[in-house]
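> Handing you this structure, nothing more for now.
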Amino acid sequence: MIDDLQADIAAIQRIGCMSSMLELCCQVTGMGYAAVSRVTESSWIACAVRDEAGFGIAMGDELDVDTTICGEVRTGPRAILIDHVAEDPIFREHRTPRLYGFQSYISSPILRADGRLFGSLFAVDTAPAKLANSNAPNSFNLFARLIAMELDAADAG
């Protein structure tokens, strides 16, 4: 499994625009941390990271998948948006924001053409953000689809 995860990190790193895409994710949300994570039933690993906020999770770092919100996409891939954890009826009592100390979060699942979940494109910040009525959700969905298309093209080529 370790070799598979290393191959997944390498596949994301081969996407030429990944650094720029993560920079855009930070700009469109106003958030300081954006990343691509590989999510499986038993693991979570950071494949690409932009950390302007000193969040501290670097490329290659692994987290217990059950302590992540990205891990929740395993049961039903869906986008997640939290403007302000403290005011969110679903996530204000969730252990993950308390554990990692964030107040805003956005993610979109990265779904391969055959429907398999690769992981998530996400951003977090310690401050609340105004995401719901912005271009951020659509941008994240588009970026996640582009990442999936790049992964699929690399597998086919």
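The values are calculated or read from the model by the stated rules, or taken from the named source; none is laboratory data. This one's a predicted model, so the numbers in the text were calculated from it and none came from an experiment. All Cβ positions, glycine included, derive from the backbone under ideal geometry; neighbour counts span all protein chains shown. Accessible surface is based on the protein model in full, side chains and every heavy atom, while ligands, DNA and RNA are left aside. Shrake-Rupley method; radii C 1.70, N 1.55, O 1.52, S 1.80 Å.
> Which of the following residues is touching a residue at least 60 places away in the same chain (Cβ under 8 Å) and crowded, with 19+ Cβ neighbours inside 10 Å: Ile45, Ile12, Ile69?
Residue meeting the stated conditions: Ile12.
> Among the residues of the stretch 1-57, count how many are assigned to a loop (DSSP other than H, G, I, E, B) and β-branched (Val, Ile, Thr).
Residues meeting the conditions: 3.
Conditions (1) acidic (Asp, Glu); (2) modelled with pLDDT of 95 or more; (3) touching a Cys at 6+ places or on another chain (Cβ under 9 Å), marked per residue:
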{"position": "Ile106", "(1), (2), (3)": "no, yes, yes"}
{"position": "Ile110", "(1), (2), (3)": "no, yes, no"}
{"position": "Leu117", "(1), (2), (3)": "no, no, no"}
{"position": "Ala123", "(1), (2), (3)": "no, yes, yes"}
{"position": "Pro128", "(1), (2), (3)": "no, yes, no"}
{"position": "Asn133", "(1), (2), (3)": "no, no, no"}
{"position": "Ser139", "(1), (2), (3)": "no, yes, yes"}
{"position": "Arg145", "(1), (2), (3)": "no, yes, no"}
{"position": "Glu150", "(1), (2), (3)": "yes, yes, yes"}
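> Would you call Ile80 modelled with pLDDT under 95 and either open to solvent by less than 10 Å² (accessible area, probe 1.4 Å) or closer than 22 Å to Met59 by Cβ (or both)?
Against the criterion (modelled with pLDDT under 95 and either open to solvent by less than 10 Å² (accessible area, probe 1.4 Å) or closer than 22 Å to Met59 by Cβ (or both)), Ile80 qualifies.
> Moving on. Suppose the filter is of a type outside the set (A, V, I, L, M, F, W, C) and either in contact with a helix residue (DSSP H, G or I) (Cβ under 8 Å, 6 or more places away or on another chain) or at pLDDT 95 or above (or both); does Glu72 pass it?
So Glu72 fails the test.
> Take the conditions over 11 Å from the mean Cα position of the chain (by Cα), open to solvent by 30 Å² or more (accessible area, probe 1.4 Å), more than 20 Å from Ile9 (Cβ to Cβ) and not small (Gly, Ala, Ser) and apply them to Glu62. Does it pass?
No, not satisfied.
> Oh, and also: Can you tell me which residues in the stretch 127-147 are surrounded by fewer than 19 Cβ atoms within 10 Å (Cβ to Cβ) and of a type in the set (A, V, I, L, M)?
Passing the criteria: Ala127, Ala132, Leu142, Leu146.
> Among the residues in the stretch 34-56, are any more than 19 Å from Ala79 (Cβ to Cβ), in contact with a helix residue (DSSP H, G or I) (Cβ under 6 Å, 6 or more places away or on another chain) and basic (Lys, Arg)?
Yes, that holds for at least one residue.
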